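Here the structure comes first, spelled out in structure tokens, and everything after it is commentary.
The values are calculated or read from the model by the stated rules, or taken from the named source; none is laboratory data. Since this is a predicted model, take the numbers as computed values, not measurements. All Cβ positions, glycine included, derive from the backbone under ideal geometry; neighbour counts span all protein chains shown. Heads up: the accessible areas ignore ligands, DNA and RNA and are worked out on the full protein's heavy atoms, side chains in. Shrake-Rupley method; radii C 1.70, N 1.55, O 1.52, S 1.80 Å.
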Amino acid sequence: MKAFLSILLIFTAVSSFGQTAPSKEIQIKMALLAAPEDQRENATVYGYDPTGDIILLRQGSNQTVCLGDDPNREGLSVASYHISAQPFMTRGWELKKEGKSFQEIFDIREAESKAGKLQLPDQGSVLNALTADEADVNWAIGEANNTYTRSVIYIPWATAESTGLPLSPAGPGLPWIMNPGTHRAHIMINPARN
């Protein structure tokens, strides 16, 4: 859960532990795994340069943005999200680069969104996070086995009371609300693992 929270907060992904970023082509191929198949061809893709900075790898033309895997962390973790979340994500990347902690990033983005300085993702927009263990990833050809995808649906400022969603899943794969009442309120959907 901690790794997924990192994806949601700072929107960095996780990959070929301690190594340089894979080629642009491999980063794009892996990042696109998180997107719905019908949205991959025209999706925008961000990834990592050799210094570890997040960079634009491919400009797309649809509503889907993908984020490649962070080569400084073990395993595969890539994400896709609605374009309306880009300002929110970019701000998280900037704050992480400044060395801010998880809580500092949360607090800064909370204050900035309340002040109208930070655009939040559209109500109901989706983020998908696809992960795989390091042993299941072939970085040379950009393939992964035994992947797992979790989804988030953004509902900024919503609460359990305003949605009827529980604060934890009532059963495997059932939705629940996380960070209720904040800029980062979202519906979590964690399908049961095979």
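Apart from one condition, Glu104 fits all of (1) in a loop (DSSP other than H, G, I, E, B); (2) open to solvent by 70 Å² or more (accessible area, probe 1.4 Å); (3) farther than 21 Å from Ser151 by Cβ; the exception is (1). Looking only at segment 45-68, residues that are assigned to a loop (DSSP other than H, G, I, E, B) and open to solvent by 10 Å² or more (accessible area, probe 1.4 Å) come to 10 in all. Residue selection: Leu118 satisfies the criterion of being part of a loop (DSSP other than H, G, I, E, B), touching a His at 6+ places or on another chain (Cβ under 8 Å), in contact (Cβ under 8 Å) with a residue 60 or more places away in the chain and open to solvent by less than 70 Å² (accessible area, probe 1.4 Å). Of all residues in segment 131-164, count the ones that are closer than 30 Å to Ala111 by Cα, in a loop (DSSP other than H, G, I, E, B) and open to solvent by less than 30 Å² (accessible area, probe 1.4 Å). Result for segment 131-164: 3. Considered as a group, the residues in segment 74-87 that are more than 13 Å from Val126 (Cβ to Cβ) and without any contact (Cβ under 8 Å) to a residue 60 or more places away in the chain include one that is least open to solvent (accessible area, probe 1.4 Å), and that residue is Gln86.
A Cβ distance below 7 Å, combined with a sequence gap of six or more or placement on separate chains, defines the contacts here; from segment 43-56, residues that are at negative phi reach residues that are loosely packed, with under 11 Cβ neighbours inside 10 Å and in a loop (DSSP other than H, G, I, E, B) in the pairs Thr44/Gln59. Give segment 139-163 a look and list any residue that's at pLDDT below 95 and of a type in the set (Gly, Ala, Ser), or say none. Hits for segment 139-163 are Ala140, Gly142. Cβ separations smaller than 9 Å between residues 6+ apart or across chains give the following pairs from segment 171-183 residues that are closer than 29 Å to Glu104 by Cβ to residues that are open to solvent by 30 Å² or more (accessible area, probe 1.4 Å) and of a type in the set (Lys, Arg): His183/Lys114.
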